[in-house]
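The values are calculated or read from the model by the stated rules, or taken from the named source; none is laboratory data. No experiment lies behind these values; they were computed from the predicted model shown. Glycine gets a Cβ as well: all are built from the backbone with ideal geometry, and neighbour counts include every protein chain shown. We work out accessible area using only protein heavy atoms, side chains counted, and drop any ligands, DNA or RNA first. Shrake-Rupley method; radii C 1.70, N 1.55, O 1.52, S 1.80 Å.
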Amino acid sequence: SDVEALRDLFERGGWTAALDFPTVMCYESLMIAFPQAKIIHTERKSSEQWWNSASNSIMIIASLFPFNVLHAVIPFLKIRKAMLNSMWSKVLGGKNITISDDDFPLGYKEEFIAAYEANNARVRKVVPRKRLLIQDHSKGWTD
């Protein structure tokens with residue numbers, strides 16, 4: 001099962017924490033695999049603020065030089081591009097998209113914002129309050 005595979009992966013690797021993609025895509029399985037683990041969930045002050053940050057960083061880096069060229073010729077980066085395509089497709093509910101699309105990510109703005117808002121709501125619903133810390137970037141990390 002996914003839960004057993006994740007537990008095995010973390011235990012064999014000696015890992016005690018995970019962050020960012022792709023682990024955020026399987027946080028529910030990780031919660032089952034590690035029932036004492038805390039979940040730190042970050043949120044922006046607004047969905048628009050999140051969009052401005054994500055669409056100008058993690059969403060476009062692979063399409064910029066030299067990555068756009070290297071993804072076509074280096075085997076590892078070809079696999080990475082396939083992973084990114086799969087990841088963003090899953091974020092949008094299985095829609096088949098690619099980071100090479102001329103309109104990626106701007107053509108999907110409303111869908112990405114809706115997915116971001118739905119994810120925030122789901123985390124708040126699924127993660128027990130005693131295990132959840134919601135980090136608001138506007139407050140920094142000192143609170």
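Using the per-residue mean of other Cβ atoms lying within 10 Å as a proxy for protection, in what order, highest first, do the peptides 84-94, 119-129 fall?
Details: 84-94: 15.8, 119-129: 12.5.
Going from most to least packed, we get 84-94, 119-129.
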Problem - Carbon + sulfur, % of accessible area of segment 28-143 - ligands and nucleic acids excluded, 1.4 Å - result: 58 percent
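For segment 9-90, report the translational diffusion coefficient in µm²/s to the nearest whole number, using Stokes-Einstein at 4 °C, 1.567 mPa s, and a Kirkwood Rh over Cα pairs. The partial results should precede the final answer.
Details: Rh = 15.2 Å.
After rounding, the answer is 85 µm²/s.
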Practice task
Keeping all protein chains in place, calculate the accessible area per residue for the chain (probe 1.4 angstrom), answer in Å².
Solution key: 67 Å²
Problem - Spherically averaged projected area in nm², based on the convex hull that wraps the Cα atoms of segment 88-143 - result: 5.4 nm²
Problem - Debye-sum result for segment 50-101 in log10 I(q)/I(0), which assumes one identical scatterer on each alpha carbon, at q = 0.24 Å⁻¹ - result: -0.95
Problem - Computed over the chain, Cα set: Rg, Dmax in Å - result: 16.6, 47
Practice task
Mind checking which lysines have their Cα closer than 25 Å to the Cα of K38? Skip sequence neighbours fewer than 8 apart in that chain.
Solution key: K90, K125, K130, K139
